[in-house]
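The values are calculated or read from the model by the stated rules, or taken from the named source; none is laboratory data. Here the structure is a predicted model, which is why all the values come from computation and not from measurement. Because the Cβ atoms are built from the backbone with ideal geometry, glycine has one as well, and the counts that use them run over all protein chains shown. Please note that ligands, DNA and RNA were not included when accessible areas were found on the heavy atoms of the full protein model with its side chains. Shrake-Rupley method; radii C 1.70, N 1.55, O 1.52, S 1.80 Å.
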Amino acid sequence: HGMVLAIVMALIFFIGFFLDFIEITFIHVPVLAPIMIEFGYDPIWFCVLLAVNLQTSFMTPPFGFSLFYLKAVTPPEISTPSVTWPATSAAPTPNMTSIAISVVSTLVIGIVLTWLCARLYRREGLLG
(Lines give C-alpha, C1' and ligand atoms only; values in the text may rest on other atoms or scores of the structure.)
Protein backbone atom coordinates (compact mmCIF):
# COMPACT_ATOMS: atom_id res chain seq x y z
CA HIS A 1 0.00 0.00 0.00
CA GLY A 2 2.87 2.36 0.71
CA MET A 3 4.19 1.98 -2.81
CA VAL A 4 0.79 2.94 -4.26
CA LEU A 5 0.76 6.08 -2.10
CA ALA A 6 4.31 6.95 -3.21
CA ILE A 7 3.39 6.49 -6.88
CA VAL A 8 0.23 8.60 -6.54
CA MET A 9 2.07 11.40 -4.72
CA ALA A 10 4.89 11.36 -7.30
CA LEU A 11 2.32 11.45 -10.09
CA ILE A 12 0.46 14.40 -8.52
CA PHE A 13 3.75 16.20 -7.89
CA PHE A 14 4.77 15.76 -11.54
CA ILE A 15 1.35 16.76 -12.87
CA GLY A 16 1.48 19.87 -10.66
CA PHE A 17 4.38 21.11 -12.78
CA PHE A 18 2.08 21.49 -15.78
CA LEU A 19 -1.51 21.77 -14.57
CA ASP A 20 -3.20 24.18 -12.21
CA PHE A 21 -5.02 23.15 -9.02
CA ILE A 22 -8.47 23.21 -10.65
CA GLU A 23 -7.51 20.82 -13.45
CA ILE A 24 -5.90 18.42 -11.03
CA THR A 25 -8.85 18.39 -8.66
CA PHE A 26 -11.41 17.97 -11.43
CA ILE A 27 -9.53 15.39 -13.50
CA HIS A 28 -7.25 13.35 -11.23
CA VAL A 29 -8.77 13.46 -7.76
CA PRO A 30 -12.08 11.77 -8.79
CA VAL A 31 -10.03 8.96 -10.27
CA LEU A 32 -7.40 8.62 -7.54
CA ALA A 33 -9.46 9.22 -4.38
CA PRO A 34 -11.64 6.08 -4.69
CA ILE A 35 -8.55 4.00 -5.35
CA MET A 36 -6.83 5.36 -2.23
CA ILE A 37 -9.99 4.86 -0.14
CA GLU A 38 -10.18 1.27 -1.40
CA PHE A 39 -6.60 0.77 -0.18
CA GLY A 40 -7.74 1.90 3.27
CA TYR A 41 -6.43 5.46 3.37
CA ASP A 42 -8.52 8.07 5.15
CA PRO A 43 -10.02 10.50 2.60
CA ILE A 44 -9.40 13.59 4.75
CA TRP A 45 -5.77 12.66 5.29
CA PHE A 46 -5.31 11.88 1.61
CA CYS A 47 -6.73 15.28 0.59
CA VAL A 48 -4.54 17.14 3.09
CA LEU A 49 -1.48 15.26 1.84
CA LEU A 50 -2.50 15.99 -1.73
CA ALA A 51 -2.89 19.72 -1.02
CA VAL A 52 0.51 19.97 0.66
CA ASN A 53 2.07 18.04 -2.21
CA LEU A 54 0.47 20.38 -4.75
CA GLN A 55 1.87 23.42 -2.94
CA THR A 56 5.34 21.99 -3.39
CA SER A 57 4.87 21.25 -7.08
CA PHE A 58 3.50 24.74 -7.76
CA MET A 59 6.77 26.26 -6.54
CA THR A 60 9.08 24.29 -8.79
CA PRO A 61 10.06 24.70 -12.45
CA PRO A 62 9.34 24.36 -15.33
CA PHE A 63 6.27 26.56 -14.77
CA GLY A 64 6.15 27.31 -11.05
CA PHE A 65 2.70 28.89 -10.93
CA SER A 66 3.22 30.22 -7.40
CA LEU A 67 6.40 31.96 -8.50
CA PHE A 68 4.41 33.98 -11.02
CA TYR A 69 1.81 34.82 -8.37
CA LEU A 70 4.59 35.96 -6.08
CA LYS A 71 6.13 38.12 -8.81
CA ALA A 72 2.76 39.77 -9.44
CA VAL A 73 2.59 41.11 -5.88
CA THR A 74 6.23 42.14 -5.50
CA PRO A 75 7.33 45.74 -6.03
CA PRO A 76 8.43 46.63 -9.59
CA GLU A 77 12.07 47.07 -8.58
CA ILE A 78 12.35 43.36 -7.74
CA SER A 79 13.31 41.46 -10.87
CA THR A 80 11.78 38.19 -12.02
CA PRO A 81 15.09 36.24 -11.74
CA SER A 82 15.41 37.29 -8.09
CA VAL A 83 11.97 35.77 -7.42
CA THR A 84 12.52 32.57 -9.38
CA TRP A 85 16.19 32.01 -8.54
CA PRO A 86 15.64 30.14 -5.26
CA ALA A 87 13.40 27.61 -7.01
CA THR A 88 15.73 27.14 -9.97
CA SER A 89 18.98 26.89 -8.02
CA ALA A 90 20.52 23.56 -7.10
CA ALA A 91 20.55 24.40 -3.39
CA PRO A 92 17.29 23.82 -1.51
CA THR A 93 15.74 27.03 -0.27
CA PRO A 94 14.37 27.37 3.26
CA ASN A 95 10.84 27.60 1.87
CA MET A 96 11.16 24.41 -0.20
CA THR A 97 12.81 22.65 2.71
CA SER A 98 9.98 23.62 5.06
CA ILE A 99 7.37 22.44 2.54
CA ALA A 100 9.20 19.12 2.09
CA ILE A 101 9.24 18.71 5.87
CA SER A 102 5.50 19.42 5.99
CA VAL A 103 4.83 16.80 3.29
CA VAL A 104 6.81 14.19 5.22
CA SER A 105 5.27 15.14 8.56
CA THR A 106 1.77 15.02 7.05
CA LEU A 107 2.61 11.58 5.73
CA VAL A 108 4.00 10.38 9.05
CA ILE A 109 1.42 11.82 11.42
CA GLY A 110 -1.68 11.19 9.32
CA ILE A 111 -3.36 9.38 12.20
CA VAL A 112 -3.00 12.41 14.44
CA LEU A 113 -4.41 14.69 11.73
CA THR A 114 -7.51 12.60 11.20
CA TRP A 115 -8.02 12.17 14.95
CA LEU A 116 -7.77 15.94 15.47
CA CYS A 117 -10.26 16.64 12.67
CA ALA A 118 -12.71 14.11 14.11
CA ARG A 119 -12.39 15.66 17.59
CA LEU A 120 -12.98 19.17 16.26
CA TYR A 121 -16.03 18.11 14.27
CA ARG A 122 -17.56 16.31 17.26
CA ARG A 123 -16.96 19.31 19.49
CA GLU A 124 -18.72 21.59 17.00
CA GLY A 125 -21.57 19.11 16.67
CA LEU A 126 -20.99 18.50 12.97
CA LEU A 127 -20.71 14.71 13.27
CA GLY A 128 -23.46 14.18 15.79
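Dividing the alpha-carbon radius of gyration of the range 1-63 by the rule-of-thumb value 2.2 N^0.38 Å gives 1.05.
A 1.4 Å probe run over the protein chains yields, for the range 1-86, 58 Å² of accessible area per residue, whole-number rounding.
On the beta carbon distance between L113 and I22, with R0 = 35 Å, the FRET formula returns roughly 0.90. Between the beta carbons of I35 and S98, assuming R0 = 30 Å, the FRET efficiency works out to 0.50 to the nearest 0.05.
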